[in-house]
Amino acid sequence: MALIIQKYGGTSVKDTDRIKSVAEHVAQTAEAGNDLIVVVSAPAGFTDDLTGRAARISADPSPREMDMLLSTGEQISIALLAMALQELGHDAISLTGGQMRIFTDRSHTKARIQYIDLDRVKDELGAGRIIIVAGFQGRTQEHEITTLGRGGSDTTAVAIAAALSADLCEIYTDVDGIYTADPRVVKNPSKLSKISYDEMLELASLGAKVLHPRSVEMAKTHDVPLAVRSSYETEKGGTLVVKKEALEKEYPVTGIACDQNTAEIIIYGVDDRPGIAADIFTALADENVNVDLIIQSGVQNAKNDIAFTVPKNELKKTRRIINSLKDQVMYESVSFDDKVMKISAVGSGMVTGRGIAASMFRVFYENGVNIDMIGTSEIKISCIIRDEEGLKEKLMQALHDEFGLDGIGENDASIEE
């Protein structure tokens, strides 16, 4: 008997028919002799609707009240799915994040899981029940409801799998696995049968929306067996996210990603003295702003420029923070730009591959694109460029063709579990 954690996204439970279909698949898994915990998201579009309602009430709603509001979406899904399973003759119980005893810190709307009290879940599994858990949410020690941020249901599922040492964590979504690029953007993407934790973590953090970065990071840390599968075509194998890779990969690049949820900030004429960068980024960190790429220019006349990127939805907060530092940091001017996007190439083979950056930059040149910022690591190259209509599709297709990724799906079996 195996313990399996399954997670179903919003499109998988968007209406009654989809919920019944998910219930049938969950029932089949349970009838095969498995213990089962199912994590579900709010119905597709529900969280956006609630966010819109809040925006019509307040331009700057309380984070606590946002958590109280947004946590209701998952409760709809878990209750209906539990009912559907009961109609199929299975003993199922729905639990909110608090009832599941998922304890988080106090960071409303961006809470991080601290630990899971396993007494309740072990009792329910011991009684032979299928447990349906509300993803995306938890509770503080003070019994306050918290949410984990967008994509938090993936994190919930992996956290439960890690806490219980589950045999497998399956993420069911509206695609049948991980592709070398977004199939809605690139005409000839390849589905990967396997991908390493490191590559998946980079792709997820760079705009690939199949898995949330925090969930991949947690799976890697706790060595959770992870699979991405289609909730519409459950018989398909999907993609396994695994630990080890081949020593030398034939394809240095595994995937291309684009993130349009990016804003660029450039602080001009910053005094070149110790502590300035610390002042800027400490102020941002204190308000939980997620900073991505950071570039500092060379010194001229005892001044330099500091450029960095943040998610678009944190630009308003970032603007307020940077403007408040004017007297402390003593910069000359600052620009805020949300009309940019980040295009990235990812692959563990970049460590030994040659000419990857040159090939990528040549594609940009051939398409008349100027690069604002460049960020690199051992397995990625990211470029910040202007976000112009049609450019995302054109560049992603050109990079996908440049790196020959249409054939990688037939050769990625070199990754070992």
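As an equivalent ellipsoid, segment 195-290 spans semi-axes of 36, 16, 15 angstrom, where each value is the square root of five times an eigenvalue of the C-alpha gyration tensor, largest first.
What is the distance in Å between the Cα centroid of segment 180-244 and that of segment 1-16? Their Cα centres are 16 Å away from one another. Specify the angular offset, from 0 to 90 degrees and rounded to the nearest 10, of the alpha carbon long axis of helix 152-164 from the longest principal axis of the alpha carbons in the chain. Helix 152-164 sits at roughly 60 degrees to that axis. Between 0 and 90 degrees, rounded to the nearest ten: what's the tilt of helix 391-402 against the longest Cα principal axis of the chain? Tilt relative to the chain: about 80 degrees. Of all DSSP-defined beta bridges confined to the chain, some 60% are antiparallel rather than parallel. Of all lysines in the structure, those lying under 21 Å Cα to Cα from K342, and not within fewer than 8 positions of it along the same chain, are K187, K209, K312, K316, K317, K380, K392, K394.
P(r) tail for segment 1-139: Cα pairs beyond 28 Å make up 20% of the total. Only Cα pairs under 8 Å and 6+ residues apart enter the sum, and on that basis the relative contact order of segment 278-385 stands at 23 percent. Does the chain come out rounded, prolate or oblate, given a ≥ b ≥ c as the square roots of the eigenvalues of its C-alpha gyration tensor, rounded meaning a/c under 1.5 and, failing that, prolate meaning a/b above b/c? Taking the square roots of the gyration eigenvalues as a ≥ b ≥ c, the chain is oblate. Here the convex hull built on the C-alpha positions of segment 26-79 has a volume of 76 cubic angstrom per residue. Take the Cβ atoms of I295 and E235, set R0 to 51 Å, and the FRET efficiency comes out at 0.60. Accessible surface for segment 218-340, divided over its residues, is 52 Å² per residue with a 1.4 Å probe.
Here is the tail figure for segment 203-242: Cα pairs spaced more than 12 Å apart come to 62 percent of all pairs. At q = 0.18, 0.19, 0.22, 0.23 Å⁻¹ the log10 of I(q)/I(0) for segment 242-364 amounts to -0.97, -1.01, -1.17, -1.23, computed by Debye summation with a single uniform scatterer per C-alpha, solvent ignored. Evaluated with a Cβ-only charge set (Lys, Arg +1; Asp, Glu -1), segment 137-201 carries a dipole of roughly 260 debye about its Cα centre, given to the nearest 20. Using the average count of surrounding beta-carbon atoms within 10 Å as a protection proxy, the listed peptides 122-131, 397-406 rank, highest first, as 397-406, 122-131. Hull volume per residue, based on the alpha-carbon atoms of segment 330-374 and their convex hull, is 137 Å³. This model, with +1 at the C-beta of Lys and Arg and -1 at the C-beta of Asp and Glu, gives the chain a dipole about its Cα centre of some 620 debye.
When a 1.4 Å probe is rolled over the protein heavy atoms, the share of accessible surface on segment 168-289 that falls to carbon and sulfur comes to 48 percent.
Taking a ≥ b ≥ c as the square roots of the eigenvalues of the alpha carbon gyration tensor, segment 287-332 is oblate, as a/c is not under 1.5 and a/b does not beat b/c. Among the trypsin sites (Lys or Arg not before Pro) within segment 173-249, those in coil by DSSP and having at most 16 neighbouring Cβ atoms inside 10 Å are R184, K187, K209, K236, K243, K244. Packing order of peptides 1-13, 327-339, highest average first: 1-13, 327-339 (average count of other Cβ atoms within 10 Å over each peptide's residues).
The values are calculated or read from the model by the stated rules, or taken from the named source; none is laboratory data. All of these numbers come straight from a predicted model, not from anything done at the bench. Neighbour counts are summed over all protein chains in view; Cβ atoms, including those assigned to glycine, are modelled from backbone coordinates with ideal geometry. Ligands, DNA and RNA are excluded from the accessible area calculation, which covers all protein heavy atoms including side chains. Shrake-Rupley method; radii C 1.70, N 1.55, O 1.52, S 1.80 Å.
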